[in-house]
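Down below is the structure, laid out as structure tokens.
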Amino acid sequence: CAYHATSMAGIGKKKSEGVQVIDASNPRKPRLSTNLTSPAMFSGTWESLKVNEARGLLAGVSVGPVIGTLAFDVYDIKTDCTRPKLLNSVAGTEFTVPASTLNHEGQWSPDGKTYWATSLAGGGITAIDVSDPRSPRIAGVGTVGVVNHGFELSADGNRLYLTTAFPAGVIVLDVSDIQSRKPAPMMREVGRALGLNRFQVARLL
């Protein structure tokens, strides 16, 4: 299976709205299986549409035109990846309870129990607890004070490696409080290297 987001532009005029679910079981003849139109999927997920293979979950946050808010949708794809099942829906509808702050990009922790969203604006970071995917909740919120973008996590989920856009660089955060679900968790900066060119950033990562 493959999952392809569509942009917020053109809503109401598309042949198939939201996230496109592609059945690629025959790679020579991939076909559209269905489309996902829950709030985040419908509004545009940008770079937040991510799969966690360990738990068989697909998720994304609402990004809209560039930065979005509130919506976080999580689907079961382990049962049938061609027909994702919305897990955090409300009363059998496609609506989901808000579980994020400001969003642009997203990523899973390797164990699939935390979904992370970054927002560009203000360097915001949101951690979403997905231990129970039927009832996700915000586990922590932080900021690095500069425009951020892509990121990855260490294999144990305790370090977050965040790239910055203006100025270009890398910030390393200790997020072990959130990974271990400590009360009143903190995101602690371990170090940063800013003012780099893209080749230097690539070497650091």
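The values are calculated or read from the model by the stated rules, or taken from the named source; none is laboratory data. Given the structure is predicted, the values throughout are model-derived calculations rather than measurements. Quick reminder, even Gly has a Cβ in these numbers, built from the backbone with ideal geometry, and neighbours come from all protein chains shown. Side chains included, ligands, DNA and RNA excluded: accessible areas come from the protein's heavy atoms. Shrake-Rupley method; radii C 1.70, N 1.55, O 1.52, S 1.80 Å.
Observations on the structure shown:
- Some residue of segment 67-76 being within 19 Å of residue 117 (Cα to Cα), surrounded by fewer than 18 Cβ atoms within 10 Å (Cβ to Cβ), of a type outside the set (A, V, I, L, M) and touching a strand residue (DSSP E or B) at 6+ places or on another chain (Cβ under 9 Å): yes
- With respect to (1) within 18 Å of residue 58 (Cα to Cα); (2) part of a strand (DSSP E or B); (3) out of contact with any Asp or Glu (no Cβ under 7 Å at 6 or more places or on another chain), the lone exception for residue 135 is condition (2).
- Applying the criterion of being part of a loop (DSSP other than H, G, I, E, B) and β-branched (Val, Ile, Thr) to the residues of segment 73-107, the residue that is nearest to the chain's Cα centre (by Cα) is 101.
- Number of residues in segment 175-194 that are in a strand (DSSP E or B) and either of a type in the set (Gly, Ala, Ser) or modelled with pLDDT of 95 or more (or both): the value is 5.
- Note on segment 7-30: residues that are open to solvent by 30 Å² or more (accessible area, probe 1.4 Å), hydroxyl-bearing (Ser, Thr, Tyr) and under 24 Å from the mean Cα position of the chain (by Cα) amount to 1.
- Within the option set 134, 188, 192, being under 19 Å from residue 54 (Cα atoms) and basic (Lys, Arg) holds for one residue only, 134.
- Which listed residue, of 130, 172, is of a type in the set (Val, Ile, Thr), open to solvent by 20 Å² or more (accessible area, probe 1.4 Å) and at pLDDT 95 or above: 172
- Residues in segment 155-169 that are in a loop (DSSP other than H, G, I, E, B) and free of Cβ contacts under 8 Å to residues at least 40 places away in the same chain were compared, and the one that is least open to solvent (accessible area, probe 1.4 Å) is 158.
- For segment 51-67, the criterion of being more than 17 Å from the chain's Cα centre (by Cα) and either assigned to a loop (DSSP other than H, G, I, E, B) or among the aromatic types (Phe, Trp, Tyr) (or both) is met by no residue.
- Tally of residues being of a type in the set (Val, Ile, Thr) and open to solvent by less than 20 Å² (accessible area, probe 1.4 Å) across segment 133-154: 1
- Matching residues, segment 22-79, being under 21 Å from residue 138 (Cα atoms), free of Cβ contacts under 8 Å to residues at least 40 places away in the same chain and aliphatic (A, V, I, L, M): 41, 70, 71
- The number of residues in segment 44-66 that are open to solvent by 20 Å² or more (accessible area, probe 1.4 Å) and touching a strand residue (DSSP E or B) at 6+ places or on another chain (Cβ under 6 Å) comes to 4.
- Of residues in segment 108-124 being more than 11 Å from the chain's Cα centre (by Cα) and under 16 Å from residue 141 (Cβ atoms), the one least open to solvent (accessible area, probe 1.4 Å): 123
- Residue match in segment 89-112 (condition: out of contact with any Leu (no Cβ under 8 Å at 6 or more places or on another chain) and over 30 Å from residue 76 (Cβ atoms)): no
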